[in-house]
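Take a look at the structure set out below.
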Amino acid sequence: MAEMVKQRNKSQMKKQENSTEDEINEMQLSKLSEVEFRAMILRKLSSMSKDLNTMSKDIKTLKTNQVEMKNDIEEIKNTLEGITSRVDEAEDWISELEDKVKKKKKSTNQKTKRKKQLKNRKTA
């Protein structure tokens with residue numbers, strides 16, 4: 001959208017420059033009557049007014065798009081924060097489970113050692 005606006009504004013400016021160069025030069029101005037000069041000025045002012053209206057509409061559109069993008073960015077941030085929080089919770093939960101598994105293995109190993117020791121005492 002912004003590129004379209006830039007292109008349109010550039011082409012409008014180019015038209016304006018060309019028409020300005022074509023219509024308003026020293027020789028033509030001196031040949032124009034007062035009425036023709038005033039008519040030309042009015043045409044220029046009308047054209048500029050239309051261009052300003054177009055630019056104003058484009059600016060409003062850009063501002064609206066900017067607000068929408070800011071809202072989208074905020075929504076994405078919130079989503080990422082939620083995901084990050086869930087990942088942190090999952091990591092904590094995994095860590096707790098790993099600790100439980102280690103304790104269970106240690107407990108099982110100790111029980112196995114005691115059983116072996118008891119067996120060895122009985123056979124000795």
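General observations
- From Ser46, Ser30, residue being surrounded by fewer than 10 Cβ atoms within 10 Å (Cβ to Cβ) and in a helix (DSSP H, G or I): Ser30
- A single member of Thr84, Thr108, Thr112 is hydroxyl-bearing (Ser, Thr, Tyr), surrounded by 10 or more Cβ atoms within 10 Å (Cβ to Cβ) and at pLDDT 95 or above, and it is Thr84.
- Test result for Ser56, over 30 Å from Asn25 (Cβ atoms) and of a type in the set (Ser, Thr, Tyr): yes
The values are calculated or read from the model by the stated rules, or taken from the named source; none is laboratory data. These numbers were taken from a predicted model, which means no experiment stands behind them. Cβ atoms come from the backbone with ideal geometry, glycine included; neighbour counts cover every protein chain shown.
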